[in-house]
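Below you'll find the structure, written out as structure tokens, and then a few comments.
The values are calculated or read from the model by the stated rules, or taken from the named source; none is laboratory data. In this text the structure is predicted, and so the values were computed from the model without any measurement. With ideal geometry, Cβ positions are generated from the backbone for all residues, glycine too; neighbour counts draw on all protein chains shown.
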Amino acid sequence: MLKSFLKDRLMYMFVYLINVVLIVLVVYLSYSHEGVLLPWGNLLYIFILSLAGLTCFLFIDYVRQRTFYRQLALISEDGIKPDQILSLESAVTQEQLRVQELLHTCYRLYAKELHEYRAKQEQHLNFTNQWVHQMKTPVSVIDLLVQQASKEDPSGQWKPLFQSIREETDRLSHGLSMMLHTARLEKFELDLKADRIELVSLVRGVINEYKSVWIARSLYPKLTAEKQEVYVETDRKWMEFILRQILTNAIKYSVAKRKTTSSHDKDSGEIKAMQLKITIEEKEKEKGWSLAIQDEGIGIPEQDLPRVFDPFFTGSNGRTTAESTGMGLFLAQQVCGKLGHRLSVASQEGQGTTVTILFPKPSSMYDFS
């Protein structure tokens, strides 16, 4: 602080000393013109007295402004938090008063704009939640109508049409769910209920939700667990959401591989079933349980792997799959991070992808060393 104070006043000190020297020279020359020679000691004494006066003035001025400089230093060290600007109340000079007033005015404008932005964001969030809930009702009604119409068609003439309608309603329902969870993510702590959850039954329940999809797409999910019951600390609803995102991707890219590689049996004309391995095992090294979902899909190119968790990034696969939004893995990673889980992806192009969720034990849940 003292260095900054003196540095700002170097020009004043320089000009002051020059003036003192000029005054001493004028006095010396005036007396010399009259034939009186002043001793150099007297001239040096005058210079030292002037220098002492300057030092006293600078010291008093520094003590007067020291509090203001200290407050500035504290604000800078703390990363300039906006609310700390209001603590700057020790200005003494006119320049400091103007700066202090300007900072306070800027803070008030910032707070006003932030409040308006948050109000608009809250309004948009409420509208989004309300709209999603309103859209879920007609989707459910369409699904019920299709089920009823299927029962009234014993011949099965309209079965392909009903199947297509149900697939589209499932896509719409999945998209609405993703939109709703994206909106809730900003207030995650208000929609969180951490509990001790039995993981095997939870995974099996989500798998059963896609029962018709497994049959229609000739996919074979195989769940393997080291124990019949595995308990982890998590939120059931958010965990189900994560699993749906991962399983949806596995289905999507497994079907994409079948389309590109033609998995039809040449002799029978039947579609070969593709396996989806879901493994739950204990990891001693990581001190927790892991849930690995491995598909036999098209895989992820090596250059795209570092960016799979970026929002809206679809990569090379997204160019070939119209349903890709680039938000599934992003949302899954965000939720996992908030729950204290670790999500990782390993893949080989053309061979498939493995998505792993690690559930650290409560004692090591937040130990990422």
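Within region 119-126, the presence of at least one residue that is in a helix (DSSP H, G or I) and in contact with a helix residue (DSSP H, G or I) (Cβ under 7 Å, 6 or more places away or on another chain) is confirmed.
Within region 191-229, the set of residues being over 30 Å from the mean Cα position of the chain (by Cα) and of a type in the set (V, I, T) comprises V213, I215, T224.
If you go through region 151-179 and pick out every residue that is closer than 28 Å to L243 by Cβ and more than 32 Å from the chain's Cα centre (by Cα), you end up with 6.
Q148 falls short of the stated requirement of being more than 33 Å from the chain's Cα centre (by Cα) and outside any helix (DSSP H, G or I). Does at least one position in region 94-102 carry a residue that is surrounded by 11 or more Cβ atoms within 10 Å (Cβ to Cβ), of a type in the set (A, V, I, L, M, F, W, C) and either under 24 Å from A183 (Cα atoms) or touching a residue at least 24 places away in the same chain (Cβ under 8 Å) (or both)? There is no residue in region 94-102 that is surrounded by 11 or more Cβ atoms within 10 Å (Cβ to Cβ), of a type in the set (A, V, I, L, M, F, W, C) and either under 24 Å from A183 (Cα atoms) or touching a residue at least 24 places away in the same chain (Cβ under 8 Å) (or both). Residues in region 148-163 include at least one that is touching a residue at least 24 places away in the same chain (Cβ under 8 Å) and surrounded by 13 or more Cβ atoms within 10 Å (Cβ to Cβ). Just one of the listed residues (S164, S173, S177) is more than 30 Å from E233 (Cα to Cα) and of a type outside the set (D, E), and it is S164. Summed over region 71-111, residues that are modelled with pLDDT under 85, over 27 Å from V20 (Cβ atoms) and over 34 Å from the mean Cα position of the chain (by Cα) total 5. Can you confirm whether M178 is in contact with a helix residue (DSSP H, G or I) (Cβ under 6 Å, 6 or more places away or on another chain) and surrounded by 11 or more Cβ atoms within 10 Å (Cβ to Cβ)? Taking the combined requirement at face value, the residue does not satisfy it. For region 19-60, the tally of residues that are touching a Ser or Thr at 6+ places or on another chain (Cβ under 9 Å) and surrounded by 14 or more Cβ atoms within 10 Å (Cβ to Cβ) stands at 3. The set of residues from region 186-208 being assigned to a helix (DSSP H, G or I) and loosely packed, with under 14 Cβ neighbours inside 10 Å comprises E186, K187, E189, L190, D191, S201, G205, N208.
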